[in-house]
2 protein chains.
Amino acid sequence: MASVENDLRADDVAAASLPSRVAADGEGIGTDELQLAARNHGMPLEAMRYDVTPLGLHYLLTHYDIPAADPATWELSVGGLVDRPVTLSMDDIRSRPQVTVAVTLECAGNGRARLLPRPVSQPWLNEAVGTMRWTGTPLGPVLREAGLSDHAVDAVDVVFTGADHGVERGVEQDYARGLPLREAMRDEVLLAYEANGVPLPPQHGFPLRLVVPGWYGMAHVKWLRSVEVVDAPFEGYQQTAYALRQEAGQPGTALTRIDPRALLIPPGFPDFMSRTRFLSTGTHVLQGRAWSGWGPVERVEVSTDDGATWAPAELEPAGEPWAWCRWTFPWHLSEPGRYVVSARAGDATGRTQPDQQPWNRGGFANTSPQRVEVVVSA
Amino acid sequence: MASVENDLRADDVAAASLPSRVAADGEGIGTDELQLAARNHGMPLEAMRYDVTPLGLHYLLTHYDIPAADPATWELSVGGLVDRPVTLSMDDIRSRPQVTVAVTLECAGNGRARLLPRPVSQPWLNEAVGTMRWTGTPLGPVLREAGLSDHAVDAVDVVFTGADHGVERGVEQDYARGLPLREAMRDEVLLAYEANGVPLPPQHGFPLRLVVPGWYGMAHVKWLRSVEVVDAPFEGYQQTAYALRQEAGQPGTALTRIDPRALLIPPGFPDFMSRTRFLSTGTHVLQGRAWSGWGPVERVEVSTDDGATWAPAELEPAGEPWAWCRWTFPWHLSEPGRYVVSARAGDATGRTQPDQQPWNRGGFANTSPQRVEVVVSA
């Protein structure tokens, strides 16, 4: 992959890879943020009409470049605190028991660009989400067969490393994340090689990625090359970067599972530039999706007066435990005018979407409710 | 589709759909531009390694919403100056002769966000391009069978209308474009229902779109519902919007075919935020793609000194007439330091990429060469 790994001069890196920062008061989105927004993309929210997000509409965030990959020679090394380290080919992995799980993935930075002040990074608004059906083989049995059991007392984290290589805030790295052992051993954690019934597209980790249902996207390591069981908490760059903190350098609280969120399909039709929606009076069935990585969604509420009052939406029974559920809300519109429509969710653990979002320096887990501006004509 | 078409009050539209404008000096990307950038996306440039762009990596621009579509009931009406107007089902269209064409599509607004002052619209940098294999049936025979021949003397334009509905700069509309009759009758103009061998994804026009090889993306009408032969030049909103002009209200020069452009795959590996590239000394083979809608690409040149000097790249023979071609350039790097790498193309018609891009108010056809910043370590 990278030919110059570890050869970079520290001053070269420091000059081209600046520390994280927060935008100044009134500072518009910069070219650096725009470069990320042009490559990566959210899910157009009308795609919530589909239970499973069609290929190409699911949100996408690639930290570095999408690696070139040859599935014929791809290898996954499984090592660390196991008795029998093993290297698996894609054929090895495909010959193992196959499981398919529908999973809602969301970027931990979703909502970042709406925070004030704005953390300068991938500038997500609301759309960094999607639900695909991932097919692969469970990770747990692979670790057990490699002889994890004798080391389970000492094992703390499982470290997953991808083939994507780059520099981030001055640190050269292959993308890597740790997962607590008990999470890694969950039945539904997969070494996944298909999405929606076809081989992974390059941008979603071809030929192999990790899927950790319930966790934010950063845990689902793409282009997976190495699984290593270790006896201490992993403290690599991505582990410390994805945390809630007020100031740089604070240890912070690591991000794990997805906080509850409801989003609605913007009703009517849009203005191209402002994305304001146009609608006529009458009854319109608002609809959307809601999800939480912590537990089942128990309620969704809708506001049509910019958050002043809320009313319950009808929640459809969840079909799959790790996928979003659908909700509807009949909106009886008798008065022309301008409206702001919002939705919010709460889950079985008592977690909700706060009206006043606590700020954090990385711009993570901003679940303040979506605001959709609607112009209603008679 | 739209329930309130023509019911909108003019003052409601005017308040929510503002005239086009140009950003002020130093004005960063605004929330309106960011909303578009979060929904739509370019092609990550490393995807130029693929001859055919994998699904989900091709650039995407949706003016309004992606419409819901039922292929079982979808109908294409063919009418206007024909003797036998006809309505075709998807089965009708699929039972006709099938053709597959590899086509490079580029948005006419590619490069817009690099113009100064910046036209405020979808803020593309360099990435609004892609090449897919489109399968469908040629349009010309459909028009001939409908009895165009007796009207061919009077026929001027063929108007294509999609199902996507919205408001743009104050004008409510279904997306519609006209094409001169002689262009519409070209053998390779398709009613396309597949991309890369699978049914069109929703975002690329499912179940049916127009493909006009050689033309900018705005001509390839998605979610196609109507084809109408008319006796005067079409002057709908999208026809006048996509034009080169210096000031609003000028007639301008309509955009048609794609001007030549070369892009290079950024070498080495990136910094996450700045996208600066890191590389070591030695020989690196730069590579990329080049295309033109006017004629075959005849030369590609590369600069590694920010455009001060240029040297010819090696151009691979074009495999398909309407698709990009590949080029390579061995870069012998002996000196560490900072470099800016660029590429530019010229075609058989004599068209080239200008060093100094003439500005236009819509931000179209900005082919000023890409600039890739590279830090080279020993």
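We did not get these values from a lab; they are worked out from the coordinates using the rules stated. Here the structure is a predicted model, which means the values were calculated and not measured. Because the Cβ atoms are built from the backbone with ideal geometry, glycine has one as well, and the counts that use them run over all protein chains shown.
Translational diffusion of segment A:10-251 was estimated from the Stokes-Einstein equation, with Rh taken as the Kirkwood radius over Cα pairs; at 20 °C and 1.002 mPa s the coefficient is 113 µm²/s. The same position A:PRO354 in the other copies lies at 5.3 nm from this copy, comparing label points 7 Å beyond Cα toward the beta-carbon, shortest first. Phi angles across segment B:283-298 convert, under the Karplus curve 6.51 cos²θ - 1.76 cosθ + 1.60 with θ = phi - 60°, into 3J(HN,Hα) values of 9, 10, 8, 6, 8, x, 10, 9, 7, 7, x, 9, x, x, 5, 10 Hz, Gly and Pro given as x. Using the average count of surrounding beta-carbon atoms within 10 Å as a protection proxy, the listed peptides A:204-217, A:357-370, B:25-38, A:16-29 rank, highest first, as A:204-217, A:357-370, B:25-38, A:16-29.
One Cα centroid belongs to segment B:100-137, the other to segment A:107-137; the line between them spans 24 Å. Once you sort the root eigenvalues of the Cα gyration tensor of segment A:259-349 as a ≥ b ≥ c, which label holds: rounded (a/c under 1.5), prolate (a/b larger than b/c) or oblate (the other case)? Prolate is the answer for segment A:259-349, as a/c is 1.5 or above and a/b outweighs b/c. With its label point put 7 Å out from Cα toward Cβ, A:VAL156 sits 7.7 nm from the same residue's point in the other copies, in order from shortest.
Given segment A:145-290, report the % of alpha carbon pairs whose separation exceeds 20 Å.
62
Each peptide among A:80-90, A:158-168, B:47-57 gets the average number of other Cβ atoms lying within 10 Å of its residues, and from highest to lowest they stand as A:158-168, B:47-57, A:80-90.
Placing a label point 7 Å from Cα along the Cα-to-Cβ direction at A:ALA15 gives distances to the equivalent points in the other copies of 5.4 nm, listed shortest first. Taking the helices alone, chain A has a mean residue ellipticity at 222 nm of -2500 deg cm²/dmol, built from -39,500 (n - 2.57) per DSSP H run of at least 4 residues and averaged over all its residues. So what is log10(I(q)/I(0)) for the protein assembly as shown at q = 0.06, 0.11 1/Å, when the Debye sum runs over its Cα atoms only? Values returned for q = 0.06, 0.11 Å⁻¹ are -0.37, -1.31. Considering the rotation that superimposes chain B on chain A, the residue of B whose beta-carbon lies nearest the axis, and that distance in Å, is B:GLY28, 1.
Local charge sum around A:ASN40 (other residues, Cβ-Cβ under 14 Å, Lys/Arg +1, Asp/Glu -1)?
On the way: positive: A:ARG39, A:ARG112, A:LYS222, B:ARG39, B:ARG275; negative: A:ASP32, A:GLU33, A:ASP65, A:GLU106, A:GLU127, A:ASP164, B:GLU46, B:GLU127.
Result for the neighbourhood of A:ASN40: -3.
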